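Working notes, beginning with the structure itself.
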Amino acid sequence: MRTIAILNLKGGVAKTTTVINAAAILAEDYKQRVLLIDADSQCNLTEFFSDGKPYTGDTLADILRGYTWSAQKALYLVGPEMSLTIIPASETLMDLDLTKAESGEVNVKVLKDCLSEVQDDYDYCLIDCPPAFNAASAAALVAADEVIIPIKLDAFSLRGMVNLFRQIKNMRAINPKIKIMGCLPTMYYNSKSLTEAVEVLKKNRLHVFSPIRRSNKVDEMTFAQEALNTFSPRSAAGVDYRTFVKELVGGANNG
Ligand SMILES: Nc1ncnc2c1ncn2[C@@H]1O[C@H](COP(=O)(O)OP(=O)(O)OP(=O)(O)O)[C@@H](O)[C@H]1O
Ligand SMILES: [Mg+2]
């Protein structure tokens, strides 16, 4: 199982959108077994796949607080034909800040242990991280083998990268094998500034995946609760997400 954290501390850069669309393409086009983890107390990923009924079993917060030591108890089948599995988020995640990890109330290593239990049951595990550095994002980084950084290219986000690398560097102390697969430019459009911004990333020795273009279909997809692969496969973003997943599967990266 390849465990990939989709992480950027900046909000609204298409982390959740990337998890949803990559998961659908991996499951439908590549017939991969995909496990999703919603590590964000906003619960956007969980709600996208919800059928309206509340989750009655365990959630990620229960795992992080050590209330359940079995990933099996927090797995739910979701998506078209129940082709995906999710460990859902809950608002309780909001209370789990890093100070609780320091006091031992939250264990940021327990998610990794839980995932090792289901290691052979899935091909990919995609973790939707929150736009904050808290116990859930720390646990995601500890559990992940790889990190992908969706980035909406503007001057603010490029400056924010320095901060992100500092934190990933700290996490390497706990998880030395974590690989930064690269940045994924999202909400992209052709312009001189954006082309130059991609060059800035490359100069910082970051792999840059093929960008995902802006498309109104992405907002619409969230209302329909249907990934672009079936909702609007020919939209610019629909096409680009397939290119991205091809690069991801092929390992088209510099690690
Ligand atoms: N390619 C795109 N074209 C147009 N809109 C997009 C695109 N990708 C994402 N969006 C829109 O941008 C907004 C933010 O996307 P999303 O919720 O996936 O970001 P996020 O990084 O998960 O946010 P948060 O940090 O709050 O969790 C949403 O309204 C989404 O519909
Ligand atoms: Mg999100």
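Readers should treat all values here as calculations from the given coordinates under stated rules, not as data from a laboratory. Quick caveat, the model's predicted, so the values are computed rather than measured. Here Cβ is always computed from backbone atoms with ideal geometry, including for glycine, and neighbour counts include all displayed protein chains.
Could you pull out every residue, at least 5 positions away or on a different chain, whose amide H is within less than 5 Å of the one on Q32? Hs are placed 1.01 Å off N in the peptide plane, and Pro or chain starts have none.
When sequence neighbours closer than 5 places are left aside, the close amide H contacts are A27.
Taking H placed 1.01 Å from N in the peptide plane, check which residues at least 5 places from K152 or on another chain put their amide H under 5 Å from its amide H.
Correct list: T186.
Modelling each spin label as a point 7 Å along the Cα-to-Cβ direction, I'd like the N216/N190 distance in nm, to one decimal.
Each label point is offset 7 Å from its Cα along the Cβ direction, giving 2.1 nm.
For the range 58-68, just list the computed ³J(HN,Hα) in residue order, Karplus coefficients 6.51, -1.76 and 1.60, θ = phi - 60°, integers in Hz, with x standing in for Gly and Pro.
After applying 6.51 cos²θ - 1.76 cosθ + 1.60, I find 6, 10, 4, 4, 5, 5, 5, 8, x, 6, 10 Hz.
I need the fraction of alpha carbon pairs in the range 69-130 separated by more than 13 Å, rounded to a whole percent.
72 percent
How many nm separate the modelled label positions at T92 and F165, each set 7 Å beyond the Cα in the direction of the Cβ?
3.8 nm
Order these peptides, 237-248, 207-218, 71-82, by their mean beta-carbon neighbour count within 10 angstrom, highest first.
For the peptides 237-248, 207-218, 71-82, the packing ranking is 237-248, 207-218, 71-82.
Give me a comma-separated list of calculated 3J(HN,Hα) values for the range 199-206, in order, Karplus coefficients 6.51, -1.76, 1.60 applied at θ = phi - 60°, integers in Hz, x for any Gly or Pro.
5, 4, 4, 5, 5, 7, 6, 9
For the range 118-255, just list the percent of Cα-Cα distances falling in each 5 Å bin from zero outward, please.
Whole-percent P(r) values from 0 Å outward: 2, 9, 16, 20, 21, 18, 11, 4, 0, 0.
How do 173-185, 50-62 rank on mean C-beta neighbours within 10 Å, highest first?
173-185, 50-62
Per residue of the range 225-239, what does 6.51 cos²θ - 1.76 cosθ + 1.60 with θ = phi - 60° give for ³J(HN,Hα)? Whole Hz please, x for Gly and Pro, Karplus curve as stated.
Result, ordered by residue: 6, 9, 5, 4, 4, 10, 5, 7, x, 9, 5, 4, 5, x, 5 Hz.
Using alpha carbons only, how many angstrom separate the centre of the range 18-81 from the centre of the range 196-230?
Here the answer is 22 Å between Cα centres.
About the Cα centre of the chain, what is the dipole size in debye to 20, counting +1 per Lys and Arg Cβ and -1 per Asp and Glu Cβ, all else neutral?
About 1180 debye.
Could you work out the mean projected area of the convex hull around the alpha carbons of the chain, in square nanometres to one decimal?
With every direction weighted equally, the projected area is 12.5 nm².
Kindly work out what percent of the DSSP beta bridges joining two residues of the range 2-248 are antiparallel, to the nearest 5.
10 percent
Per 0.36 nm of contour for each residue apart, how much would the distance between V200 and Y55 grow if the chain were fully extended, relative to their Cα-Cα spacing?
47.9 nm
T243 to Q72: FRET efficiency via 1/(1 + (r/R0)^6), r the Cβ-Cβ distance, R0 30 Å, to the nearest 0.05?
Calculated transfer efficiency: 0.30.
Report, by chain and number, residues whose modeled amide H sits under 5 Å from the one on C125, excluding near sequence neighbours (fewer than 5 apart, same chain).
Placed amide hydrogens put R2, T3, I4, L35 under 5 Å from C125.
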